[in-house]
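The values are calculated or read from the model by the stated rules, or taken from the named source; none is laboratory data. This is a predicted model, so every value here is computed, not measured. All Cβ positions, even for glycine, are placed from backbone atoms using ideal geometry, and neighbour counts span all protein chains on display. In case anyone asks, the SASA skips ligands and DNA or RNA and just uses the protein heavy atoms, side chains included. Shrake-Rupley method; radii C 1.70, N 1.55, O 1.52, S 1.80 Å.
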Amino acid sequence: MAKDIRRAEYFITYKSLLTEKQQETMEMYYISDLSLSEIARELKITRQGVFNCITNSEEKLDEMENAIGLMKKRERMEEVLMELEGYIRDGNKQKALDALETLRTVY
């Protein structure tokens, strides 16, 4: 089970929507970078139990992102901010104003 950076970002963004046990397990897996075996020992459950908890948590996080889309919006904002910075550096006032308007519509 390879650790997915995107899922780690989902966890940071949506962790409050998980149960306490899911939060604890995901924190150990993604933030503390513990293995399934290490987490199982720490929580005194089976490795399979850890795997199932992580899998269920990841599915829930994916559902949250699909429903709410905060990460997608954040990525879009970062893109527009980079464009805006370029327009400001180039002195292109109209394109900078257009980029600001785009930012207003992202959220």
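Side notes on the structure shown:
- Largest GNM mean-square fluctuation across 64, 82, 26, computed for the chain with C-alpha springs under 10 Å, falls on 82.
- Cβ-Cβ distance of residue 42 and residue 78, R₀ of 30 Å, FRET efficiency by 1/(1 + (r/R0)^6): the value works out to about 0.25.
- Cα Rg, Dmax (largest Cα-Cα span) when computed across the chain, Å: 19.1, 61
- Surface composition of the chain: carbon and sulfur atoms hold 51% of the protein heavy-atom accessible area at a 1.4 Å probe.
- With Cα atoms, 0 to 90° folded angle of helix 70-90 axis to the chain main axis: 30 degrees
- Å³ per residue enclosed by the Cα convex hull of segment 1-60: 70 Å³
- Degrees separating the helix 5-14 axis from the principal Cα axis of the chain, which is the longest one: 90 degrees
- Value of [θ]222 nm, deg cm²/dmol, for the chain, DSSP H segments ≥ 4, -39500 (n - 2.57) each, nearest 500: -24500 deg cm²/dmol
- Only lysines eight or more places from residue 15 in sequence, or on another chain, were considered; those with a Cα closer than 16 Å are 60.
- Helix 47-68 axis, angle to the chain major axis (alpha carbon atoms, nearest 10°): 20 degrees
- Backbone N under 17 Å from the residue 20 label point (7 Å along Cα→Cβ), restricted to segment 39-74: 43-45
- Take the Cα of residue 68, step 7 Å toward its Cβ, do the same at residue 33, and the gap between the two points is 2.7 nm.
- Using the 1.4 Å probe convention, the accessible area of the chain works out to 67 Å² per residue with neighbouring protein chains retained.
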